[in-house]
Amino acid sequence: MLDMIENEALPKLYTINTFEDYFAFISSFGREYTGHIQYLEVFIPAANGDLELSRKNLERRAPILADIKKFYPRFYRALVDDDRSEIARILHEWEADTVSTYKLEKIWEKTPFPLEL
């Protein structure tokens with residue numbers, strides 16, 4: 001098992017350096033990740049600073065729009081208001097929550113999102 005992780009899983013994960021790399025990686029899994037991919041089509045452009053593309057992708061997917069309005073209302077409001085600093089704040093909160101959930105604090109280095117640069 002450890003051999004499989006070191007020789008198969010980790011080399012694939014090491015190739016992920018950008019949001020686009022992550023999107024391509026997730027997309028390679030096929031149809032079972034369609035819902036996740038549709039969220040990424042909203043969140044990745046926002047993290048990259050392309051709020052117009054994020055809004056456009058959100059508007060063409062009614063179920064995702066409804067979910068984001070319901071479950072991520074602060075993100076939705078910030079996106080509609082073109083509030084880059086609030087979107088960055090929200091993304092950093094989500095990032096910190098994920099790091100905490102997976103107990104990665106010892107190796108995590110907080111870095112700015114492209115949106116902030």
* To do: For the chain, return all DSSP H helices satisfying: extent of Cα atoms along own axis at least 30 Å; mean Kyte-Doolittle hydropathy at least 1.0.
  => none
* Over the chain, average the accessible area per residue using a 1.4 Å probe and give it in Å², no decimals. => 70
* Leaving ligands, DNA and RNA out of it, rank GLU93, GLU109 by accessible area with a 1.4 Å probe, largest first. => GLU109, GLU93
* **Residues listed by number, region 71-97, amide nitrogen under 17 Å from GLU59 label point at 7 Å toward C-beta** => 76-83
* Label point distance in nm, LYS70-ASP83, each placed 7 Å from Cα along Cα→Cβ -> 2.3
* To do: Counting helices only, and only those DSSP H runs with n ≥ 4, report the 222 nm mean residue ellipticity of the chain as the sum of -39,500 (n - 2.57) divided by its residues, in deg cm²/dmol to the nearest 500.
  => -19000 deg cm²/dmol
* Taking a threshold of 25 Å on the Cα-Cα distance, which of the pairs LYS56/LYS103; LYS12/LYS106; LYS12/LYS70 fall above it? -> LYS56/LYS103; LYS12/LYS70
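The values are calculated or read from the model by the stated rules, or taken from the named source; none is laboratory data. Keep in mind it's a predicted model, so treat the numbers as computed, not measured. Glycine also receives a Cβ, built like all others from the backbone with ideal geometry; neighbour counts cover every protein chain displayed. Side chains are part of the model used for accessible areas, which takes the heavy atoms of the whole protein and leaves out ligands, DNA and RNA. Shrake-Rupley method; radii C 1.70, N 1.55, O 1.52, S 1.80 Å.
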